[in-house]
Amino acid sequence: MAESSRSINIIRTDHDDRSMVADVVAVEEPLEIQLSSAVADGAAAKSVSITMRTPGHDDELALGFLYAEGILGGTDDVQDISAVGQADEETGLRNTIRVQTTPGLSLDLDRLQRHFYTTSSCGVCGKASLAALDVSGQQSLAPVRTRFPGGMLISLTDRIRDMQRVFAETGGLHAAAAFGPDGEIHIVREDIGRHNATDKVIGALVHADQVPGNELGLFVSGRASFELMQKALVAGIPLLAAVGAPSSLAVDMAKEFGMTLVGFLRDGGFNVYAGEDRII
């Protein structure tokens, strides 16, 4: 596995004293995700995303991204996932991951144009985002009756932090985790990007044929955004618990699709913004 952290020398200043010391920083590198599909007139490959990520679990990141975007439906759609391109001479790292789909799988490559809603001043973006989920056939998770003890949720932050190896070294990575109502932490992934860490978790669940994750909750170390709620919804995970604050659109989405949204999960408590009936 590629190194996720790197040792460097820095100058540390303490009042009037300066000294050179060793420090450890999180690695950040670009990753291109390609989708390759066998078609009647040959092989077609398309670049579908370029993201800045922390190397490690790149196959899960690619699979989780493609699943969360509704491009692939599971492992049956995948023939192979491999790192391609020129390897870095020093690290051996390859920054392109190619997903080869199963022969005969019909893919409309034109629909891989992802819609980003990033301008906060756009008055119609929120409605358009929720409408797009309706159109894509996403179903409400209100019928999912999995319930989560509140005391267990409170314990998650410290327990997951203890499992963040690279964060302990660098202090510079986000975490995402899948957990059960009994408190078992099934998967923890780290990345410099919150969305990437979540995609890695979802990719691991897809690999293990554990989607939809109706019996699981999703933990994220940062704030709860619309895109993280969307990923949880597509993965069939009924509860998202975030250490930070939720956005207004994340709250709207949780209510629209019968999900439970927990924010400010820290310091021995949390806020419930939607779906309080799932918390016991």
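No lab work stands behind these numbers, since they all come straight from the coordinates. Just so we're clear, the structure is a prediction, and the values are computed from it rather than from any experiment. When we count neighbours, we look across all protein chains shown, and the Cβ atoms used for this are built from the backbone with ideal geometry, even at glycine.
If the segment from Arg161 to Glu184 were pulled out straight at 0.36 nm per residue, it would be longer than the present Cα-Cα gap by 6.8 nm.
Using Cα pairs closer than 8 Å and at least 6 residues apart in sequence, work out the relative contact order for the chain, in percent. Mind showing how you got there, number by number?
Numbers: 575 pairs, mean separation 49.3, N = 280.
Relative CO of the chain lands at 18 percent.
Take every Cα pair under 8 Å whose residues are at least 6 apart in sequence, average their separation, divide by the length of the range 125-278, and the relative contact order is 22 percent.
Using 0.36 nm per residue, how much length does the chain from Ile154 to Ser19 gain when fully extended, once their Cα-Cα distance is taken away? Show your work: numbers first, answer last.
Numbers: separation 135, 0.36 × 135 = 48.60 nm, distance 4.00 nm.
Between Ile154 and Ser19, full extension yields 44.6 nm more.
Spacing of the modelled spin labels on Glu90 and Gln139, each 7 Å from Cα toward Cβ, amounts to 5.1 nm. Along the positive direction of the dipole of the range 125-278 (beta-carbon charges: Lys, Arg +1; Asp, Glu -1; about the Cα centre), which of Met229, Ala176, Leu218 reaches farthest? Looking along the dipole axis, the top candidate is Met229.
Centroid-to-centroid, using Cα positions, the range 193-225 and the range 94-108 are 21 Å apart. From most to least packed by mean Cβ count within 10 Å, the peptides 183-192, 149-158 give 183-192, 149-158. By its C-alpha gyration tensor, with a ≥ b ≥ c as the square roots of the eigenvalues, how is the range 125-278 shaped: rounded for a/c under 1.5, else prolate for a/b larger than b/c, else oblate? Because its axes are fairly even, with a/c under 1.5, the range 125-278 counts as rounded. Computed extension gain for Ser82 through Glu28, at 0.36 nm per residue and net of the alpha carbon distance, reaches 17.5 nm. Where (i) 70, 40, 34; (ii) 52, 39, 39; (iii) 64, 51, 40 are the candidate values, the label of the one calculated here for Cα extents along the principal axes in Å is (iii).
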